[in-house]
Amino acid sequence: MTATRVLVLNSGSSSLKYQLLDMRDATRLAVGLVERIGERTSRLQHTCLTAEGTREHNGPLADHDAALKAVAEELAKDGLGLDSPELAAIGHRVVHGGMFFTEPTVVDSAVLTEIERLIPVAPLHNPANLTGIRTAMALRPDLPQVAVFDTAFHTTMPESAARYAIDARTADRYRVRRYGFHGTSHAYVSRATAELLGRAPEDVNVIVLHLGNGASASAVRGGRCVDTSMGFTPLEGLVMGTRSGDLDPAVIFHLQRVGGMSMDEVDTLLNKKSGLFGLCGENDMREIRHRMEEGDDGARLAFEIYIHRLKKYVGAYYAVLGTVDALAFTAGVGENAAFVREAALDGLEGLGLAVDRERNAVRGDGARLISPEGARIAVAVVPTDEEMEIAAQTYALVGKDG
Ligand code: ADP
C-alpha cells in the first residue's frame, strides 16, 4: 500500500489545529482543533469528513502530548489512525525559519537545534511549534516529520527590501531584518492566482492581500516574493485586527519615557490592543460594518484608517513590481468582505485596478475574478489553504526523498 496521507499540525502555545489529508487526490479526511491545552477546560473538536460527523470532548488535557494522543484516538475511531501504513508524513507549520530555512525541511536533530536557535526572534511561536514537532516525533519516531516555515517564501526578498536602514553591525548581531510571515498563504495564493489566469507562475506579477485577523501584503514577481509588509515580527505593515501595523518607532520611546509604560505593556498594547480593536473596540470586520451602518463614527474612522493603509501598500507594491498582472484578495476579510475589496481599490482605476460591483457581490467558494471584463489587471478573490499547501510541500519532499 502506498502511503499518501499527510497529517498537518499547527501547534500554538495552548492549541493544536490539525488536518489529515490524502494527497492522492488532495482531499481532506479529517479536521480538528484542541483548545486550552494545559487548562481544566480543554476542548477537542474533531470532524471526520469521510463520515460527516463532528465529535467534541471537554476535559483536561495537560499538555501537547496528551492533546496529540487524544487526537490520535479520535482519528483511530474513524479508521484513520496514526499507526496506519497509509500515513506518509507529518507536516508542521513553523512560524520562524529565519534566513536559514528557505524550503520545507525534514526534521532531524540539527533542524530542531536551528529552530530552537531562532526562539529569541520568535519567542511566542517557535517554542510551541517545537513542542508540536517533538510530541509528534515521540508518537511516530519512524515517520518523516517535515517543518514548513511561514518565513520561507519571503527569503527571496532582495536585501534592499529585507534590510532596515539601521546600523548594519547592530542589525547583523541581533539578526534584525525583515523576515515576513504568512508565507505559506502568499505562496499558495500567488500560484493559484496564476492558475486562475491560465498562466505559469513564472510569467505573472501578483500583489497578494492576505486580510485575516492578522494581515499582510506581498509583491510576487514571477512566483518569487520581492517584498512583504510584515517585517522582523508580524507587527509591521497593514492595520490588523489587534495589531497597529506601521508605526514611528519613536512612539514606543515616548510611551515609555512620558507614559511610564513598561516594555511588556507597550508590546501588549501594539500587538493585542491596537489595530481595528484599539481604534474602535472591535476587530471583527462584520461587526465594524454593522456599526458603520448604524452611524458609529469610531467604527467608520477605524475602517478608513484600515483602508488608507491598504491602499498605500497596493500603490507601493505596484511601484515595486513595475508591471502588475493580478491582485488577489484572500483570508477571512479578503475572501468574505466585498465592501473592503471595493473600498481598497476605489479610485485606483487610473492604475488599471478596479472591482466590478456585480462580480464582487457574488459569493462563492473557489477562486474567482472580480475585475471588470477586459481589465488590464485581473483582480481576484482566491481562498487561501495553508494546510493544503503544507501538506503538498510535505508530500513533495517525502516523495522526492523516499
Ligand atoms: P486569522 O487566521 O488571522 O485568525 P481569518 O483569516 O480566519 O483570521 O479571518 C478572520 C477575520 O475575517 C474575522 O476577524 C473577521 O474580521 C473576518 N471575516 C470573516 N468572515 C467575514 C465576513 N463574512 N464578512 C466580513 N469579515 C469577515
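The values are calculated or read from the model by the stated rules, or taken from the named source; none is laboratory data. This structure is a prediction, so every number in the text was calculated from the model and none was measured. Positions of Cβ are generated from backbone atoms using ideal geometry, with glycine treated the same way; all protein chains shown enter the neighbour counts. Note: accessible area is taken over every heavy atom of the protein model, side chains too, but ligands, DNA and RNA are not part of it. Shrake-Rupley method; radii C 1.70, N 1.55, O 1.52, S 1.80 Å.
Checking Glu56, Glu39, Glu74, Glu114 one by one, the residue that is assigned to a helix (DSSP H, G or I) and over 25 Å from the mean Cα position of the chain (by Cα) is Glu74 and no other.
Filtering segment 266-298 to residues that are on the phi > 0 side of the Ramachandran plot and in a loop (DSSP other than H, G, I, E, B) leaves Gly281, Gly295.
Scanning for something within 16 Å of the ligand (Cβ to nearest atom) and touching a strand residue (DSSP E or B) at 6+ places or on another chain (Cβ under 6 Å), does segment 155-170 turn up at least one residue? For segment 155-170, residues within 16 Å of the ligand (Cβ to nearest atom) and touching a strand residue (DSSP E or B) at 6+ places or on another chain (Cβ under 6 Å): absent. Only one of the listed residues (Val320, Val398, Val379) is more than 16 Å from the ligand (Cβ to nearest atom), open to solvent by 40 Å² or more (accessible area, probe 1.4 Å), in contact (Cβ under 8 Å) with a residue 24 or more places away in the chain and more than 20 Å from the chain's Cα centre (by Cα). That residue is Val320.
Among all positions in segment 17-29, there is at least one residue which is in a loop (DSSP other than H, G, I, E, B), surrounded by 16 or more Cβ atoms within 10 Å (Cβ to Cβ) and within 22 Å of the chain's Cα centre (by Cα). Arg55 falls short of the stated requirement of being touching a strand residue (DSSP E or B) at 6+ places or on another chain (Cβ under 8 Å), at pLDDT 95 or above and not hydroxyl-bearing (Ser, Thr, Tyr). Residues in segment 109-165 that are β-branched (Val, Ile, Thr) and touching a residue at least 40 places away in the same chain (Cβ under 8 Å): 9 in all. For segment 77-97, the candidate set comprises residues that are over 24 Å from Arg55 (Cβ atoms) and of a type in the set (Gly, Ala, Ser); within that set, the residue that is farthest from the chain's Cα centre (by Cα) is Ala88.
Can we say Glu373 is touching a residue at least 12 places away in the same chain (Cβ under 8 Å) and either away from the ligand (no atom under 16 Å from the Cβ) or aromatic (Phe, Trp, Tyr) (or both)? Judged against the criteria, Glu373 is a match.
Does Ala361 fit the bill of being farther than 22 Å from Arg191 by Cα, crowded, with 18+ Cβ neighbours inside 10 Å and within 13 Å of the ligand (Cβ to nearest atom)?
For Ala361, the condition - farther than 22 Å from Arg191 by Cα, crowded, with 18+ Cβ neighbours inside 10 Å and within 13 Å of the ligand (Cβ to nearest atom) - is not met.
Enumerate the helices (runs of 4 or more DSSP H) found wholly within segment 129-248, keeping only those where 1 or more residues are charged (D, E, K, R) and buried (at least 18 other Cβ atoms within 10 Å of the Cβ).
Values: elements: 159-162, 168-173, 183-197.
Because the criterion is at least 1 residues that are charged (D, E, K, R) and buried (at least 18 other Cβ atoms within 10 Å of the Cβ), the helices (runs of 4 or more DSSP H) in segment 129-248 that meet it are 183-197.
Within segment 263-316, the set of residues being within 16 Å of the ligand (Cβ to nearest atom), open to solvent by 40 Å² or more (accessible area, probe 1.4 Å) and hydrophobic (A, V, I, L, M, F, W, C) comprises Phe277, Leu279, Ile305.
Asp63 satisfies every condition listed in (1) within 26 Å of His125 (Cα to Cα); (2) buried (at least 16 other Cβ atoms within 10 Å of the Cβ) except (2). Pairing residues of segment 74-102 that are touching a residue at least 24 places away in the same chain (Cβ under 8 Å) with residues that are among the aromatic types (Phe, Trp, Tyr) and open to solvent by less than 10 Å² (accessible area, probe 1.4 Å), at Cβ distances under 6 Å and at least 6 apart in sequence or on separate chains, gives Val94/Phe149; Gly97/Phe149; Phe101/Phe149. If the condition is being within 16 Å of the ligand (Cβ to nearest atom) and in a loop (DSSP other than H, G, I, E, B), then segment 332-358 contributes Ala337, Val355.
Listed here are the residues, each with its yes/no results for (1) more than 21 Å from Arg28 (Cβ to Cβ); (2) in contact with a strand residue (DSSP E or B) (Cβ under 9 Å, 6 or more places away or on another chain).
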| position | (1), (2) |
| --- | --- |
| Asp297 | yes, no |
| Leu301 | yes, no |
| Ile305 | yes, no |
| Glu342 | yes, no |
| Ala378 | yes, yes |
| Glu386 | no, yes |
| Glu389 | no, yes |
| Gln393 | no, yes |
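Put simply, of Thr193, Thr233 the only residue that is within 16 Å of the ligand (Cβ to nearest atom) and not hydrophobic (A, V, I, L, M, F, W, C) is Thr233.
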